[in-house]
Amino acid sequence: MLGMFCVLCSGSGLMGFRAAPLVRSLHSFPGIIVAQIDEEVAKLLELKAQIGGDNGKHQFVLKTAKGTRDYNPKQMAVRERVFSTIIGCFKRHGAETIDTPVFELKETLTGKYGEDSKLIYDLKDQGGELLSLRYDLTVPFARYLAMNKITNIKRYHIAKVYRRDNPAMTRGRYREFYQCDFDIAGQYDAMIPDAECLKIVYEILSGLDLGDFRIKVNDRRILDGMFAVCGVPDDKFRTICSTVDKLDKMPWEDVRKEMVNEKGLSEEAADQIGDYVSLQGGMDLAERLLQDQKMSRSKQACAGLSDIKLLFTYLQLFQVTDKVVFDLSLARGLDYYTGIIYEAVLTQAGVAPVSTEAQNGAPAEESVSVGSVAGGGRYDGLVGMFDPKGRKVPCVGVSIGIERIFSIMEQKAEASAEKVRTTEVQVMVASAQKNLLEERLQLVTELWNAGIKAEVMYKKNPKLLSQLQHCEESGIPLVAILGEQELKDGVVKLRVVASREEVDVSRAALIEEIRRRTSEA
């Protein structure tokens, strides 16, 4: 009967006031039925709101999907500046670029990201292929190398990736975001390409002027060796590694609790891990650990520590050791890392910290971490997972966290009230009198043909004041003004917007004069 009531209400137009008498009469039924009727009425009202009431117009919810955002012209101008700095650095180091599809076969991505695999976006079956949106650019790169039988390449790739994560928009964490990756694939001598990746991170973060930063380095072999000598069972290495990876977000006590209570690790093993992950230093720490009674028993750990020593030798030659620290708490939870791993964090006062406590549970220092802005490492086995014959291609790379960097730069721009130009127009072609549209269009065409970035107002007879105001608001540095007298004399009045200085320039010399003045600016 209840279903019939719903059909009647929706099918025979008894929506709104015409349904009211029927509803009132049904309220004489027992309480349970009345409650059901109220529930159905509520659903009908909600449906009515969705379809836009009696006029039948659908009401759109005007919002972006959770974890995504739009970018206005000012934000895009800042973003392009960041991309330009990053791409310039990649090219300076000899990289070439590639592109891969935004979605991959699901089996390509499955099992490569450890506990983070649950964050992969799966797509509906569209006709025989199970697909997923790419989670990062590294796994598609490894698939690309195996598929095309490439054994050495230095490449960069800038593209969007997707993660079904809990977004934190103000901190630059989204479900759709850009990654900027630089990778070196090929068989080379130990730690030379690895050191160059760290040099690239150093150059980019210095060039963007984001504030003080630190690059933490560690090695998966050191972590695995440490877990072994501390008594972690082999089958728990990866899951304990994922827990250690949370030390930049949680105090040690909480991490220890997760290891013991949730992961089933013994308290003794957890405490021994705690002693090691609190250590930080440089080449001296690597030397000390090579002599450590427990760590020296692990061949894996010793191989990693020897490479850390070699890495710091090259980093000294690259002049970046002032920002690099060997940190045993760095884990990076992705399964495909096999050797050196690293992560860059910004450390500046006055920015909200990731956690209110330091990693060992002590009060945080004045300089607080604002989260990772770059990360990467060595993944020598990933390409072999895709190759039919299991042929390995050693790889090392770094990914720049562009969204977090952009979020910080956007905040800085707002705080400084910096005026951001959203166009690159060098000169506005304006007229001082009426009926000069054809002359303006002829002049702007000459400028475009010469490669000058120029603009003209889309009105037949714009007021000169309106044209000058547009230049001031848009940051256009020069105005080429045409008037009847200028046309008779064969000149153009060139006005500098900032100083309001005006000079007559012959039509033949105008292009060179604009180039000279804009190159000086």
When you scan region 310-324, how many residues do you find that are within 25 Å of I402 (Cβ to Cβ), open to solvent by 10 Å² or more (accessible area, probe 1.4 Å) and assigned to a helix (DSSP H, G or I)?
2
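Here are some residues: D248, D275. Which one is charged (D, E, K, R) and over 33 Å from the mean Cα position of the chain (by Cα)? Working first, answer last.
Details: D248 fails: over 33 Å from the mean Cα position of the chain (by Cα).
Only one candidate passes the filter, namely D275.
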The lone exception for S499 - which of (1) assigned to a helix (DSSP H, G or I); (2) of a type in the set (S, T, Y); (3) open to solvent by 30 Å² or more (accessible area, probe 1.4 Å) it fails:
(1)
Inspect all residues belonging to region 78-87 and state whether any of them is open to solvent by 80 Å² or more (accessible area, probe 1.4 Å), at pLDDT 90 or above and either outside any helix (DSSP H, G or I) or in contact with an Asp or Glu (Cβ under 9 Å, 6 or more places away or on another chain) (or both).
no
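Residue-by-condition table, conditions (1) closer than 22 Å to K199 by Cα; (2) outside any loop (DSSP other than H, G, I, E, B); (3) at pLDDT 95 or above:
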position	(1), (2), (3)
F326	yes, yes, yes
L330	yes, no, no
I341	yes, yes, yes
V345	yes, yes, no
P353	no, no, no
Matching residues in region 273-286 (of a type in the set (S, T, N, Q) and touching a helix residue (DSSP H, G or I) at 6+ places or on another chain (Cβ under 8 Å)) number 1
Would you please name the residue that is most open to solvent (accessible area, probe 1.4 Å), looking only at residues in region 244-269 that are in contact (Cβ under 8 Å) with a residue 40 or more places away in the chain and not acidic (D, E)?
K249
Would you point out the residue of region 293-309, among those that are without any contact (Cβ under 8 Å) to a residue 40 or more places away in the chain and crowded, with 16+ Cβ neighbours inside 10 Å, that is farthest from E196 (Cα to Cα)?
S306
Looking only at region 134-152, how many residues end up being open to solvent by less than 90 Å² (accessible area, probe 1.4 Å), under 14 Å from T108 (Cα atoms) and more than 26 Å from the chain's Cα centre (by Cα)?
1
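Does L131 satisfy being of a type in the set (A, V, I, L, M, F, W, C), closer than 25 Å to R332 by Cβ and surrounded by 15 or more Cβ atoms within 10 Å (Cβ to Cβ)?
Values: of a type in the set (A, V, I, L, M, F, W, C): yes; closer than 25 Å to R332 by Cβ: no; surrounded by 15 or more Cβ atoms within 10 Å (Cβ to Cβ): yes.
Taking the combined requirement at face value, the residue does not satisfy it.
Tell me, which helices (runs of 4 or more DSSP H) wholly within region 94-209 include 2 or more residues that are aromatic (F, W, Y)?
Working: elements: 106-109, 138-147, 192-208.
In region 94-209, the matching helices (runs of 4 or more DSSP H) lie at 138-147.
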Would you please name the residue that is most open to solvent (accessible area, probe 1.4 Å), looking only at residues in region 65-77 that are in a helix (DSSP H, G or I) and under 15 Å from E403 (Cβ atoms)?
M76
Identify all residues within region 210-243 that are surrounded by 22 or more Cβ atoms within 10 Å (Cβ to Cβ), of a type in the set (V, I, T) and in a helix (DSSP H, G or I); write none if there are none.
I222, I240, T243
Could you please let me know if H157 is modelled with pLDDT of 95 or more and over 20 Å from the mean Cα position of the chain (by Cα)?
no
Region 93-117, subset touching a residue at least 60 places away in the same chain (Cβ under 8 Å) and open to solvent by 60 Å² or more (accessible area, probe 1.4 Å), residue nearest to D335 (Cα to Cα):
E115
Applying the selection to region 131-174, what residues are closer than 12 Å to D99 by Cα and of a type in the set (S, T, Y)?
T138, Y144, Y156
Being more than 17 Å from R421 (Cβ to Cβ), of a type in the set (D, E, K, R) and buried (at least 18 other Cβ atoms within 10 Å of the Cβ): is that true of E512 here?
no
Members of region 276-298 found to be assigned to a helix (DSSP H, G or I) and hydroxyl-bearing (S, T, Y), listed by number
Y276, S296
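The values are calculated or read from the model by the stated rules, or taken from the named source; none is laboratory data. Everything quoted here is computed from the prediction, not taken from an experiment. As a convention, Cβ positions derive from the backbone with ideal geometry for all residues, glycine included, and neighbour counts pool all protein chains shown. Each accessible area value is taken on the protein alone, full model and side chains, heavy atoms only, with ligands, DNA and RNA left out. Shrake-Rupley method; radii C 1.70, N 1.55, O 1.52, S 1.80 Å.
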